[in-house]
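**Student:** Questions regarding the structure given below will be posed in turn.
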Amino acid sequence: MQPATSSTQSKEAHVVRTRTTRKTAAVQVTALAAASALALSACGGGTTASAEAAPVATDRDIELSLVWWGDDDRAARYEEAVALFEEQHPNIDVQTQFQAWDDYWTARSTEAAGQTLPDVFQMDLAYIHQYASNNQLLDLSNQLGVNLDTDDFDETVLASGSVDDGQYGIPTSTNTLGMIHHDDLLDELGIEPPEEGLTWDEYDAWIREVSAAGADHDPQIYGGTDYTGTLWLFIQWLVQQGKTAFADDGSPAFEKADLVAWAERTQPLRDDGVFFPVERAKQVEPLTGMQVGQAATEMTWDNMMAGYSAGAGSENLDLLPVPTGADGSAQFWKPSMLLSSSATTQEPDAAAALIDFLVNDPEVGKIFGTSKGVPAVAAQRDAMEVEEGSIDDKIVGYEEHVAERVTEDTPLPVEGYGVVEAEFKRLGEELSYGNITPEEFADQWFQSAESNLGGS
Amino acid sequence: MSATTTERGRSAGRGGVRGTATSSSPARGGGKPQRDRSDVKAGYAFLSPWLLGFVLLTAGPMLMSLYLAFTDYNLFRAPTFVGIDNFTALFADPRFLKSAQVTAVYVLVGVPVKLAAALAVAVLLNAKHRGQGAYRSMFYAPSLIGASVSVAIVWRAMFIDDGIADQVQQFFGLPAGGWVGDPSMTMPMMILLAVWQFGAPMVIFLAGLKQIPAELHEAAAVDGAGPIRRFVSVTLPMLSPVLFFNLLLETIGAFQVFSSAFIISGGTGGPADSTLFYTFYLYLKGFTEFRMGYASAMAWVLVLVVGIITAVLFRTSRAWVHYTGDVR
């Protein structure tokens, strides 16, 4: 009897003790969040580097931090470029670091709250407004012509890095939307690629045709992937109708009816199971329908074709402009990424010089190729060694080809864009699963826009 | 020996209580022997590493998060006080309600199934067989690696289109297509993953089973009780404190499921929010939407709910948990 008694009693004590520790654990997520918050809120109020720009000092040692998102391949290219920079500036030492996209922004937001953002770091259009309007970024305006040369930039492209008259980011490269078609799949089905200049409705009809032909194929081939949940494509569609996506105050400039119309026009294709199925799409993530050889077309940023080609294991991919709207075929450039500097940097001159080197130097253009998008500056584009007929060649050729269609400015980067873009995608999936109607899609997105975008 | 253990356990308990009492009223301690107070001081000195950690890393941040729960805070700008807006917004948020529902199903179904599996395996492993030690290690192994990211990745691979589960299904002529992309199949998959990690409660059950005196079973057998009757009337009552302990632990643990859902859904809580567990939604709000006030409010609602459920479990335990030698 005795052993049982002692053990149950000590266990009882253990039960109570464990309960408290587990309860503590219940709030550890918050605790963590709050721990940083505690430290962070203590040091609000940024310092502004308003000193006059001067040529980079050569008489003392300078240390710069450079951070980007990306994979090992990109890291190797950055290291090569940085080595060149350090060769030209022997007194500057560049410390590098990189993360994957999601972790990258978690890390940056924590640094921003602690006023410790890197001297130079990659910035995205979806976040630049948020960082700039919260005084986290260095206004590079006074560096222009001193350490930073932007003469070779296209006006609209450079403008995408400016917020409220300040130049907070320098685009490294551009891309524009396009339709990638996988000709291996189309050849198998004996169907011609879509023709340039087709309308959105014609494109939908073409998808139907391919999906019908590919129904008995193993694995089944579909004409395309449901594109309704891509906010950029919706914006593209609006732009073609002469509408703008966002007002100056950051709120949506379109009506709920526009969004309902957008979701409704693809509803018959979803109802009939014509698109590459969402159940499958979720399973092959992060690959896409085209990369697993089941979707003949997909619309995305043109520079994505390199990854698509690698994923699909085929060079037989090509690009077409996005379908034409009733009122035209206008497209816009989007910087595939920008480089920004922290408002708290101790070395604004050297930081500007590093940005200048990364966006202008021909050697850097050669090192990166189109892996970050097509370089924004001609000198870098020309320095690239692209093989005739290669994927890189097709991407560069596509951008030259659609240049005349690019008549619109890059849509304003609004604060909170990243959040509402993710919500758009999520609701698009709900739509594909048949859980919500086009009206609910529009309602729920506007709800999110109200709490996350400006002007409310 | 056993008597000594018991005595030591009890005196340790008393000592703890007395320590607290003294510390709470140090001014009144004049009548106490000097040595006693310096003992208390030494005690706190030895405790200080933990105390410091607790105050700075747990209690402080918890208080801060309680404050943040009543503010609008996005990490960039200073928090602004908004009263109970976060809490009212919570209950009007369809995704919050969805996440509460997903979590409730996971707890209500997953915990009992997991405990049943753990108990069943423990009973099997308690029988005397050759090589029982090896079996115990083998059955515990999944739990050693169970909480890790790699297992969630493997799990995803198993239940994906053309994965092992899908091939077995096809072999038996069941519809194919994989579980990962189908919103109605992700919850069974998540529960299965939890159940498979039964090792920790199983080991505790096993220890509990070992403590049940063989005489009880022998006596019951002599009285003509079969194995099932012996399990229900001897094993279960004798095991009830352990069962209660495991139930509490697993319930609280299940409320906090995060990493497996994060991996299996690819960081989205999808497909169609079917793996949007509570803590996961909290993370999304806090760290991808940067709505720290809202996330803090969610965390405190969770603390309250888990606290209430724990209290209810303790209250009901009086009816079904039997402690040996208990005269209540």
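Read-outs: derived from the displayed coordinates by stated rules, not from any lab. Treat the numbers as computed from the prediction; the structure is a model and nothing was measured. Note: ideal-geometry Cβ built from the backbone for every residue, glycine included; neighbour counts use all protein chains shown.
**Student:** Consider all pairwise Cα distances in chain A and report the whole-number % of them above 31 Å.
**Tutor:** When every Cα pair of chain A is considered, 49 percent fall beyond 31 Å.
**Student:** Taking loop as defined by DSSP and a crowding limit of 11 other beta carbons within 10 Å, which trypsin sites (Lys or Arg not before Pro) in segment A:45-151 fit?
**Tutor:** Within segment A:45-151, the qualifying trypsin sites (Lys or Arg not before Pro) (loop, at most 11 other Cβ atoms within 10 Å) are A:Arg60.
**Student:** Taking the alpha-carbon set of the protein assembly as shown, what are its Rg and Dmax in Å?
**Tutor:** Looking at the protein assembly as shown, its Cα Rg and Dmax stand at 31.3, 100 Å.
**Student:** Right, another one. Work out the mean other chain Cβ neighbour count within 10 Å for the residues of A:280-289 and drop it here as an integer.
**Tutor:** The mean count of partner-chain Cβ atoms within 10 Å per residue comes to 5.
**Student:** Here's another thing I want to ask about it. Mind pulling the per residue volume of the convex hull built on the Cα atoms of segment B:86-320? Å³ is fine.
**Tutor:** 150 Å³
**Student:** Compare the Cα positions of A:Pro411, A:Gly434, A:Val386 along the charge dipole of segment A:381-456 (+1 at Cβ of Lys, Arg; -1 at Cβ of Asp, Glu; about the Cα centre) and return the one farthest towards the positive end.
**Tutor:** It is A:Gly434, whose Cα lies furthest towards the positive end.
**Student:** Let me ask something else about it. With a 10 Å Cβ neighbour count serving as the proxy for reagent exposure, in which order, fewest first, do B:Ile84, B:Ile191 appear?
**Tutor:** By the 10 Å Cβ count, ascending: B:Ile84, B:Ile191.
**Student:** Counting Lys and Arg as +1 and Asp and Glu as -1, what is the net charge of the other residues whose Cβ lies under 12 Å from the Cβ of A:Gln97?
**Tutor:** Neighbour charge sum, excluding A:Gln97 itself: -3.
**Student:** Show me the trypsin sites (Lys or Arg not before Pro) within segment A:160-263 that DSSP assigns to loop and that have at most 14 other Cβ atoms within 10 Å of their Cβ.
**Tutor:** Here the trypsin sites (Lys or Arg not before Pro) that fit, given the DSSP loop and packing criteria, are A:Lys243.
**Student:** Looking at B:Ile212, B:Ser274, B:Gly110, which one has the Cα that reaches farthest to the positive end of the dipole of segment B:86-320 (charges on Cβ: Lys, Arg +1; Asp, Glu -1)?
**Tutor:** B:Ile212
**Student:** On average, how many beta carbons from a partner chain sit within 10 Å of the beta carbon of a residue in B:155-162?
**Tutor:** Mean partner-chain Cβ count within 10 Å for B:155-162: 2.
**Student:** Return the loop-located trypsin sites (Lys or Arg not before Pro) in segment B:122-230 (DSSP other than H, G, I, E, B) with at most 10 other Cβ atoms within 10 Å of their own Cβ; answer none if there are none.
**Tutor:** Passing sites in segment B:122-230 are B:Lys128, B:Arg130.
**Student:** Could you pull out the pairs from A:Lys282/A:Lys394; B:Lys114/B:Lys210; A:Lys243/A:Lys425; A:Lys334/B:Lys285; A:Lys256/A:Lys425; A:Lys366/A:Lys394 whose alpha carbons sit more than 25 Å apart here?
**Tutor:** A:Lys282/A:Lys394; A:Lys334/B:Lys285
**Student:** Which residue, B:Phe171, B:Ala122, B:Gln197, has the largest displacement toward the positive end of the dipole of chain B when charges sit on each Cβ (Lys, Arg +1; Asp, Glu -1)?
**Tutor:** The one lying farthest along the dipole's positive direction is B:Ala122.
**Student:** Still on this structure, I have one more. Below 8 Å between Cα atoms, with a sequence gap of 6+, how large is the relative contact order for segment B:196-328 in percent?
**Tutor:** Once divided by the residue count of segment B:196-328, the mean separation gives 24 percent.
**Student:** Could you name the aspartates and glutamates whose alpha carbon sits less than 15 Å from that of B:Lys98, not counting residues in the same chain fewer than 8 places away?
**Tutor:** Within the straight-line cut-off, B:Lys98 pairs with A:Glu430, B:Asp273.
**Student:** Hey, what do the phi angles of segment A:415-426 turn into as Karplus ³J(HN,Hα) couplings, whole Hz, using 6.51/-1.76/1.60 and θ = phi - 60°, x for Gly and Pro?
**Tutor:** 5, x, 4, x, 5, 6, 5, 5, 5, 4, 5, 4
**Student:** In whole Å, how far is the Cα centre of segment B:121-141 from that of segment B:213-268?
**Tutor:** If you average the Cα positions of each part, the centres end up 16 Å apart.
**Student:** Under 8 Å for C-alpha pairs, at least 6 residues apart: give me the relative contact order for segment B:86-320, rounded to a whole percent.
**Tutor:** Rounded, it is 29 percent for segment B:86-320.
**Student:** For chain B, which DSSP H helices look membrane-span-like by this rule: Cα extent along the axis of 30 Å or more and mean Kyte-Doolittle of at least 0.5?
**Tutor:** B:94-126, B:292-320
**Student:** Calculate, for B:Val222 and B:Tyr323, the FRET efficiency according to 1/(1 + (r/R0)^6) with r their C-beta to C-beta distance and R0 30 Å; round to the nearest 0.05.
**Tutor:** That gives a FRET efficiency of 0.75.
**Student:** Shifting gears a bit: So if I place +1 on the C-beta of Lys and Arg and -1 on the C-beta of Asp and Glu, and nothing else carries charge, what would the dipole magnitude of segment B:86-320 be about its Cα centre? I want it in debye, nearest 20.
**Tutor:** 540 debye
**Student:** Might you report the magnitude of the Cβ-based charge dipole of segment A:302-405 about its Cα centre, with Lys and Arg at +1 and Asp and Glu at -1, to the nearest 20 debye?
**Tutor:** Dipole of segment A:302-405, to the nearest 20 debye: 360 debye.
**Student:** Under the definition of partner shielding as Cβ atoms of other protein chains within 10 Å of a residue Cβ, what is the mean value for peptide A:105-111?
**Tutor:** 2
**Student:** Within 10 Å, at most 10 other Cβ atoms, and a DSSP state outside H, G, I, E, B define an exposed site. Report the longest part of chain A free of exposed GluC sites (Glu not before Pro).
**Tutor:** That would be A:196-384.
**Student:** Once you keep just the Cα pairs under 8 angstrom separated by 6 or more residues, what percentage relative contact order results for chain A?
**Tutor:** Once normalised by length, the contact order is 24 percent.
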